[in-house]
Amino acid sequence: MDQQQFYDRLNDRMLRYGASPLDQTQVVTITASPGYLASYDGQVAALVACNLLGRLSPSVQIGFPDIPIHPRLPWAGRSLVKHALDGMRTADPFGSYGTRQVTAGDFRFHLGPDGHNTVIHGSGWNAYIGTGPSQLSPIESDVGIGAALAVVLGAANLFRTRFGAMTESFACNAWDWTDVPKRVEFSPVEISLGHVMTAGLGSVGSAANYFLALATRDFRATLIDPDGVGIHNITRSPIFTDADAKIDLAKVEAVAAFLRRAGVEDVADDPVALHQSALWNLRETGATDVLISAANEFNVRYHIEMGFPPVQLYATTGRNWQATLMRHVPGAKACSLCMFPPDEKFAPTTCATDGPTAHQTTVEEKRPDAALPFLSFAAGLMTAAEVLKLNYPGYPFSAKRVMLGLKEQPLLVGTSIPHRTGCLCEGRHKGVHKAAIAGSRYAKFSI
Ligand SMILES: [Zn+2]
């Protein structure tokens, strides 16, 4: 495959979304304040910035000095610059990626609380982009979520304004998802997350696992998805590479390999649809603690909801530059089928007790598989942030649905999820559901 064919496929979903790729002659140089780069949050920002910007643009230079990767991160002790550079080159072998000082004419993407006229800064669960110095007060505990969120916001601004300046500042937090920074000193590394099952390892599911692994390796992962990696998947996932696409590697295999290399010890994967997976169908009562439901094919939400799921967290990307985070706890008045009803033509009925075997379409499935790289990163990050909070007393802290809009200045809006009259969940027995998830780590959130 030549360079043009590669880029045609690489940017296919962005073009379908109605957006055009960035000018590849415009060099982006990532710089960082030295103190920030030495910190856990700063290194999360550096890794995510190289990963995301390298997928958004074929012309990215690393303008910060090399240091060993922070002890709290996967790949601890290795060269930060080499790791970041290798990541960009494996995603896009035709791109121009290297290291050099920032030069006149470069677009400078600066990480840290200060050091440039505009800054991208995260601390704890808080994120800030805009004129420097940062408005955030420093948070001691290592979380990385705010740092990663700031990079996503900064990348969205770069893409939206086509390398324009950040003229307006914006601050927010990923704890209760409002535009007011919050003083929360909670690091998710103290307690195991338990068994995290992901149904659907496309861009959002793979990104959620990527961000989880940056924060902690103390969880058991189960990955279920029938698809292989294609070149068109590379720009929207922080994990998939050109080498994966060349051999049509199963998405679950690519994510499993990433997690194992990062230090997650217990990883199981199944390259089939959820309703065909023994890991889902034959799981023991209470064995799955949280489900990241990031699939939308094969009527997956029907199979999830009829299978008495544990706490479900996921986020979708929308047609209007938004990522929307969703939470369903067992027993709540709205399930995921209330949000995404099955197509009536193919809808299973409540009398279908022997279980559907045919491929049934949902309304959601008909949407074109198109999104922008930073939207998929945002959706994965929002999902991971929620999983990381589950162990904190008093969870949840936000509305059941939170939309992050990036079409203009960033916008966060929390809303409830209404029940849909006639939804299949009306026939679901709460007692049976409670019994089915008894013993799972987060069963206490059931209603
Ligand atoms: Zn429902």
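The values are calculated or read from the model by the stated rules, or taken from the named source; none is laboratory data. Because the structure is predicted, anything quoted here is derived from the model rather than measured. Cβ sites come from the backbone with ideal geometry, for glycine too, and all protein chains shown count toward neighbours. Side chains are part of the model used for accessible areas, which takes the heavy atoms of the whole protein and leaves out ligands, DNA and RNA. Shrake-Rupley method; radii C 1.70, N 1.55, O 1.52, S 1.80 Å.
Search region 169-195 for residues that are touching a residue at least 60 places away in the same chain (Cβ under 8 Å) and pair each with any residue that is open to solvent by 30 Å² or more (accessible area, probe 1.4 Å) and among the β-branched types (Val, Ile, Thr) when their beta-carbon atoms are under 8 Å apart and the residues are at least 6 apart or on different chains. These pairs meet every condition: 172/178; 172/180. Residue pairs whose Cβ atoms lie under 8 Å apart, separated by 6 or more positions or on different chains, with the first residue in region 12-24 and surrounded by fewer than 15 Cβ atoms within 10 Å (Cβ to Cβ) and the second assigned to a helix (DSSP H, G or I), are 20/14. Scan 123, 137, 79, 96 and give me the residue that is buried (at least 19 other Cβ atoms within 10 Å of the Cβ) and of a type in the set (S, T, N, Q). On inspection, the qualifying residue turns out to be 123.
Do the conditions hold for residue 386, that is, is it of a type in the set (Asp, Glu), modelled with pLDDT of 90 or more and either assigned by TED's automatic domain parsing to the domain that holds residue 157 or away from the ligand (no atom under 16 Å from the Cβ) (or both)? Criteria met by residue 386. Residues in region 244-278 that are touching a Gly at 6+ places or on another chain (Cβ under 7 Å) and surrounded by fewer than 17 Cβ atoms within 10 Å (Cβ to Cβ): 248 only.
On the stretch given as region 420-439, residues that are within 13 Å of residue 332 (Cα to Cα), open to solvent by 50 Å² or more (accessible area, probe 1.4 Å) and not in a helix (DSSP H, G or I) total 2. Every condition in (1) open to solvent by 10 Å² or more (accessible area, probe 1.4 Å); (2) aromatic (Phe, Trp, Tyr); (3) not in a loop (DSSP other than H, G, I, E, B) is met by residue 159 except one, and the failing one is (1). Checking each residue in region 401-419 for being open to solvent by 30 Å² or more (accessible area, probe 1.4 Å) and within 16 Å of the ligand (Cβ to nearest atom) picks out 401, 416, 418, 419.
Looking across region 305-315, just one residue is under 20 Å from the mean Cα position of the chain (by Cα) and surrounded by fewer than 24 Cβ atoms within 10 Å (Cβ to Cβ), and that is 312.
Remark: pairs (first residue in region 218-241, in the same structural domain as residue 282 (by TED's automatic domain parsing) and closer than 30 Å to residue 390 by Cβ; second residue open to solvent by less than 20 Å² (accessible area, probe 1.4 Å) and hydroxyl-bearing (Ser, Thr, Tyr); Cβ separation under 6 Å; 6+ apart in sequence or on different chains) = 223/198; 224/277; 236/376; 237/206; 238/210; 239/206; 239/210. Among the conditions (1) open to solvent by less than 30 Å² (accessible area, probe 1.4 Å); (2) out of contact with any His (no Cβ under 7 Å at 6 or more places or on another chain); (3) not in a helix (DSSP H, G or I), residue 31 misses just one, which is (2).
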